[in-house]
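As structure tokens, the structure follows; a few thoughts come after it.
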Amino acid sequence: MIERDAAADEPDRTWCMSEVDIFRDLSEPEMEAIAEAAPMKTYSAGEILHTPQQPSEVLFILKRGRVRIFRVSADGRALTCAIISPGTIFGEMALLGQRMYDNFAEALDDVTVCVMSRADVHRFLLSDARIAARITEILGHRVADLEQRLSDSVFKSVPQRIAATLTTLAARAGTPTGRLLAMARHPQIALTHEQLAALAGTSRETTTKVLHDFADRGLLRLARGRITVLDPERLNDAAG
């Protein structure tokens, strides 16, 4: 893991804060103050940012890349709980009602995060009504997403769950923090079949079979490590 201190490089002092939604209307001095309290760290794809064995309260602000939140079942299977996109927060922070419990956090891409302690979260984030309200909104959406996935796992078939997961990811791909590539005509989702299977709560083999069926029907185009959504409306219909 490579660490980078934001305060040590003057042109980059507020690099981690800029374009992060919860800080969108802060002044330059306000962002500089937060940047000094939240040094940047970088992780390579596949590295672990957090494990259940790390008891200290830390809040991560994700600037670049994606992070997978997962837990390991008693039989050793990795169950993905969420994929965190740039511009949002995660971590072990009871102060915010943000708990990792037995979850791990893994870098899906090369990742850059800013890291804040409990004291600095209280000092810089919760003391600002604008930021506190946005954090509450983010955490509320995350709970709603998790509840929807739990409902889908009970009431939807595997193909419907995969279609629903792809529909959600495709919608995010077109946002400023998403993965839609410049000049791309269709939403492109940068996930392997195994990663998608973990999100949909099924096996990689079943996911591959369903994806090829969707591709044969013209809903998707498949490439190594990437899924292109060609027909979002029909894919949404397939999600039930």
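The values are calculated or read from the model by the stated rules, or taken from the named source; none is laboratory data. None of these values were measured; they are calculated from a predicted model. As a convention, Cβ positions derive from the backbone with ideal geometry for all residues, glycine included, and neighbour counts pool all protein chains shown. Side chains are part of the model used for accessible areas, which takes the heavy atoms of the whole protein and leaves out ligands, DNA and RNA. Shrake-Rupley method; radii C 1.70, N 1.55, O 1.52, S 1.80 Å.
A few points about this structure:
- Partners for Lys209 among lysines (Cα-Cα distance below 30 Å; same-chain residues under 8 apart left out): Lys156
- Sorting Val210, Val154 by accessible area puts them as Val154, Val210; the probe is 1.4 Å, largest comes first, and only protein heavy atoms count.
- Residue list for the stretch 201-235, given a label point 7 angstrom along the Cα-to-Cβ vector of Thr192 and an amide N cut-off under 19 Å: 201-212, 222-228
- For the stretch 19-73, trypsin sites (Lys or Arg not before Pro) are listed when DSSP marks them as loop and at most 15 other Cβ atoms sit within 10 Å of their Cβ; the list is Arg24.
- Computed extension gain for Ala74 through Ala144, at 0.36 nm per residue and net of the alpha carbon distance, reaches 22.6 nm.
- Table column - 3J(HN,Hα) (Hz), the stretch 107-116, Karplus curve with 6.51, -1.76, 1.60, x for Gly and Pro: 6, 7, 10, 5, 10, 10, 10, 10, 10, 10
- Label-point separation in nm, Ser127 to Glu28, each point 7 Å along Cα→Cβ: 2.3 nm
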